[in-house]
Every structure is written in C-alpha cells, then in structure tokens.
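Read the structure below first, then the notes.
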Amino acid sequence: MTEVPAVRTLLARAFAEDPMFSWVFPEASGRTEALAVFMGLLVEAYEATGQVDVVAADDGAPAAVALWRVVESVEPPPAAVTLPTVGGYLSAVVGPDHAAAVGAGLAETRGHRPEGTHAYLNALGAAPERRGQGYGAAAVRRVTDHADAARIPTHLDTVSPDNVEWYARRGFDVVARYRLGDGPPAWAMTRPPYPG
C-alpha cells in the first residue's frame with residue numbers, strides 16, 4: 001500500500017515550478033498546497049487503475065515516484081467514484097472556467113498516444129534534493145522494464161525541454177509537439193519496447 005501523504009508531498013515539491021502546474025494553478029502563493037491535493041487524487045486513482053512505483057532512498061524515504069498504467073485504448077481512465085474528483089477539485093480551487101480550460105488542454109494529450117496497448121507514464125517526479133542521483137531513472141526503468149516484458153511501447157507527455165533531453169537519453173523519441181489548449185507547449189514521446 002502506498003503511503004499517500006509522503007508520495008503526494010514528494011510529487012507536489014517535484015512539480016511546484018513545472019510549467020504545466022504553473023498554468024493549472026496560476027496563484028504561486030498556494031500552488032504547492034493545491035498541487036499536493038491534486039497529486040493525492042492522482043495517486044489514489046493510479047492505485048486503483050494503474051501503478052504507483054516508489055523508489056526509496058537509502059534512508060527509506062521516497063526519492064522518486066512514477067504514476068503509470070497499461071492503456072488499451074485512448075479513452076480516459078474510469079471516472080472516480082469518490083469525492084473529490086479531479087475536475088471537481090480544480091473547479092473549486094481555480095474556478096469553473098479555468099478548470100474547463102485545463103481539462104480541455106489536458107485532453108489534448110490523448111490525441112498523441114500510440115494506437116493499441118501501451119504503458120502510459122502520467123507522472124514521474126523526484127524529490128528536489130534527490131535529483132541527479134539516479135532515482136528518477138530507476139523509477140522510469142521500472143515502467144520500461146514492464147513494457148519491454150509485455151512487448152508494448154511506453155508513452156509520456158512533458159512540458160519541459162530539459163525533460164525531452166532526459167527522456168531521449170532513455171530511449172524515448174518525440175512523436176509530436178503541441179500545446180495544452182491555452183497552456184504551455186508539450187512534447188509527446190514514445191519508446192518502443194526493447195527485445196529482451
């Protein structure tokens with residue numbers, strides 16, 4: 001069982017300055033707190049419909065987290081049956097108009113995914129003080145190892161040019177560049193399965 005408070009805290013700290021979440025939560029003063037709740041909802045959803053892979057540091061604390069699932073179509077995952085929902089939470093925090101714009105922007109990601117079954121890496125974050133120590137690479141390797149064993153591609157979307165280079169070093173290729181609605185530009189990246 002995932003320790004949701006520790007994982008959501010790590011992810012909120014990892015993505016506090018991310019261009020996408022600066023767009024989702026435009027008020028800098030409360031962004032990390034709002035992001036922690038958002039990430040908690042994602043962690044709960046991925047526990048129910050996918051995988052939450054936590055890489056621990058030597059002291060046992062979470063150092064990196066990957067939220068991913070095997071997707072068999074481009075349809076969104078099943079809707080949450082508990083409250084708050086991600087959409088409801090966003091509407092309450094940023095207002096219904098901005099929440100609708102964010103939802104429409106995030107829906108753009110589905111148009112760039114591979115046809116057929118693939119592993120979708122929704123989020124990969126490392127604790128800021130642990131970056132550059134190999135924990136993020138270990139987390140993404142867990143996803144790609146599973147995809148390689150299943151002989152399926154791995155797909156992700158990123159809004160950071162630095163991440164494009166980082167993922168390219170791990171076998172991912174840019175398959176599309178697009179914009180998240182009225183938000184930041186994004187890159188869709190796919191890695192083919194490597195023979196085992």
How large is Rg over Rh for the range 1-102, taking Rg from the Cα atoms and Rh as the Kirkwood inverse mean of 1/r across Cα pairs?
0.97
How large is the charge dipole for the chain, taken about the Cα centre, if only the Cβ atoms of Lys, Arg (+1) and Asp, Glu (-1) carry charge, to the nearest 20 debye?
360
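Ignoring everything except DSSP H segments at least 4 long, calculate the 222 nm mean residue ellipticity for the chain; use -39,500 (n - 2.57) per segment, divide by total residues, nearest 500.
On the way: 7 runs with 82 residues, N = 196.
Roughly -13000 deg cm²/dmol at 222 nm, from the helical runs in the chain.
Kindly state, as a whole number, the per residue volume in cubic angstrom of the convex hull around the alpha carbon atoms of the chain. All intermediate terms of the calculation are to be shown ahead of the outcome.
Working: hull volume 23.4 nm³, N = 196.
So the per-residue hull volume is 119 Å³.
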Extension length gain for T49 and R141 (0.36 nm per residue less Cα distance), in nm, is 31.1 nm
What trypsin sites (Lys or Arg not before Pro) does the range 105-179 have in DSSP loop regions with at most 11 other beta carbons within 10 Å?
R169
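Take the solvent-accessible surface of the protein heavy atoms, probe 1.4 Å, and return the percent of it on the range 55-196 that carbon and sulfur atoms account for. Working shown, then result.
Values: 3750 of 7140 Å².
Of the solvent-accessible surface of the range 55-196, carbon and sulfur hold 52 percent.
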For labels at D59 and R179 in the simple 7 Å Cα→Cβ model, what's the distance in nm?
4.3
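The values are calculated or read from the model by the stated rules, or taken from the named source; none is laboratory data. As the structure is a computational prediction, the values presented were derived from the model and not from experiment. Positions of Cβ are generated from backbone atoms using ideal geometry, with glycine treated the same way; all protein chains shown enter the neighbour counts. For accessibility, only protein heavy atoms count, side chains too; no ligands or nucleic acids. Shrake-Rupley method; radii C 1.70, N 1.55, O 1.52, S 1.80 Å.
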